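The structure appears right after this line, and notes come after that.
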Amino acid sequence: MEKRELLYEGKAKKIWKTDDPNLLISEFKDSLTAFNGEKKSFEEGKGALNNQISAILFEYLQEKGIPTHFVKMLDECHMLHKAAKVIKIEVIVRNIATGSLSRNLGIKDGTVLPFTLVEFDYKNDELGDPKINDQHCLILGLVKEQAELDYIRYMARKINRFLSEFYDAAGLKLVDFKLEFGRDSNDNIILIDELSPDNFRLWDKETNKKMDKDRFRQGLGSVVEAYQEVLNRIKAKGK
């Protein structure tokens, strides 16, 4: 399978058409962005690590019965996946308070939440990806009906349960993360995008060392070093 026309380029990936209209190729980039693109950098090897970590997690979730767009990893930086129409909702899943949740609501950083919190952001760069509720989603036409939001929220919690168990076995806390969903050629809602430390907050279980893009946001050191350790841990977990 070869890349054809460039379909889309975002902050972390390029998406290419193939000779099959139902299949696309994602190329993971080494660029780093934070704060809605205000902070930018580059670390060689970051894209390859995100691709490899994402592939492992997509395969794991598919084994658990979660429908995703993932087909296979083509090489270190390229993933083959199904074409899907993006649902313009970023689904934020939180297990531990940190970041904007702590800042906005005054919850002490590191507080374990009494239940998993699922939030929706409007996927719109021009508006800064604002927080939205179910009624906003329906008014904006982001989904067809309330039942679809209920399904997305249900799947987010299910994915969180599986991934929390997965990362716990690798000595990591799944603090919070972002998911995206889309519609496949049969109009089924499936998990899309990537499952990497760019979109996940991961802390070491013993030390709370940050193993995610907060290292870049907060100037804590190399993300490639941390992402490589995440990959090594999840690979070792499977042995």
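FYI, it's all coordinate maths here, none of it is from the lab. None of the values given here were measured: they were computed from a predicted structure. Glycine also receives a Cβ, built like all others from the backbone with ideal geometry; neighbour counts cover every protein chain displayed.
Taking D198, D176, D20 in turn, the Gaussian network model of the chain (Cα-Cα springs below 10 Å) assigns the largest fluctuation to D20. By the count of neighbouring beta-carbon atoms within 10 Å, fewest first, S102, S41 end up ordered S41, S102.
For semi-axes √(5λ) of the Cα gyration tensor in Å, computed directly from the structure shown, the correct entry in (i) 28, 20, 18; (ii) 35, 20, 14; (iii) 25, 23, 18 is (iii).
Translational diffusion of segment 85-222 was estimated from the Stokes-Einstein equation, with Rh taken as the Kirkwood radius over Cα pairs; at 20 °C and 1.002 mPa s the coefficient is 134 µm²/s. Sorted fewest first by neighbouring Cβ atoms within 10 angstrom, V91, V118 come out as V118, V91.
Restricting segment 62-92 to GluC sites (Glu not before Pro) that sit in a DSSP loop and have at most 15 other Cβ atoms within 10 Å of their own Cβ leaves E76. Working note: Karplus 6.51/-1.76/1.60 with θ = phi - 60° gives segment 215-230 the couplings 4, 6, 4, 9, x, 9, x, 5, 7, 4, 4, 5, 5, 5, 5, 4 Hz, where Gly and Pro are set to x. When both segment 62-125 and segment 1-46 are represented by their alpha-carbon centers, they are found 18 Å apart.
Multiply the residue separation of D19 and S100 by 0.36 nm, subtract the distance between their alpha-carbon atoms, and state the gained length in nm to one decimal. Intermediate results must be reported in sequence, preceding the final value.
Working: separation 81, 0.36 × 81 = 29.16 nm, distance 4.21 nm.
The D19-S100 span can extend by a further 25.0 nm.
Projected label points at L138 and N208, each 7 Å from Cα along the beta carbon direction, are separated by 4.0 nanometres. Here the dipole of segment 85-222 is about 420 debye; that uses its Cα centre as origin and unit charges on the Cβ of Lys and Arg (positive) and Asp and Glu (negative). Largest GNM mean-square fluctuation across F35, F58, F177, computed for the chain with C-alpha springs under 10 Å, falls on F35. Overall, the chain carries a charge dipole of about 540 debye about its Cα centre when +1 sits on the Cβ of Lys and Arg and -1 on the Cβ of Asp and Glu, all other atoms neutral. Simple rule: put +1 on each Lys or Arg Cβ and -1 on each Asp or Glu Cβ in segment 85-222, find the dipole, and look at Y122, L101, N186; the Cα lying farthest toward the positive end is L101. Contact order for the chain, expressed relative to its length and based on alpha carbon pairs under 8 Å spaced 6+ residues apart, stands at 18 percent.
Exceeding 28 Å between C-alpha atoms, which entries from my cross-link table qualify? They are K3/K131; K64/K108; K13/K210.
The pairs that break the limit, which is 28 Å between Cα atoms, are K3/K131; K64/K108.
Please check: in the Gaussian network model of the chain (C-alpha springs, under 10 Å), which one of I107, I89, I192 has the largest mean-square fluctuation. Checking each option, the largest mean-square fluctuation is seen for I107.
Give the order of Y154, Y122, Y227, Y167 when sorted by the count of other beta carbons within 10 angstrom, beginning with the fewest. Could the numbers behind the result be given before it?
Working: Y154 11, Y122 17, Y227 27, Y167 24.
Least to most surrounded, the residues fall as Y154, Y122, Y167, Y227.
Projected label points at E126 and D168, each 7 Å from Cα along the beta carbon direction, are separated by 4.4 nanometres.
Given the -39500 (n - 2.57) contribution per DSSP H run of 4+ residues, what per-residue ellipticity at 222 nm results for the chain, rounded to the nearest 500 deg cm²/dmol? Theoretical 222 nm ellipticity from helices: -9500 deg cm²/dmol. About its Cα centre, segment 1-77 has a charge dipole of approximately 280 debye under the convention of +1 per Lys or Arg Cβ and -1 per Asp or Glu Cβ, with nothing else charged.
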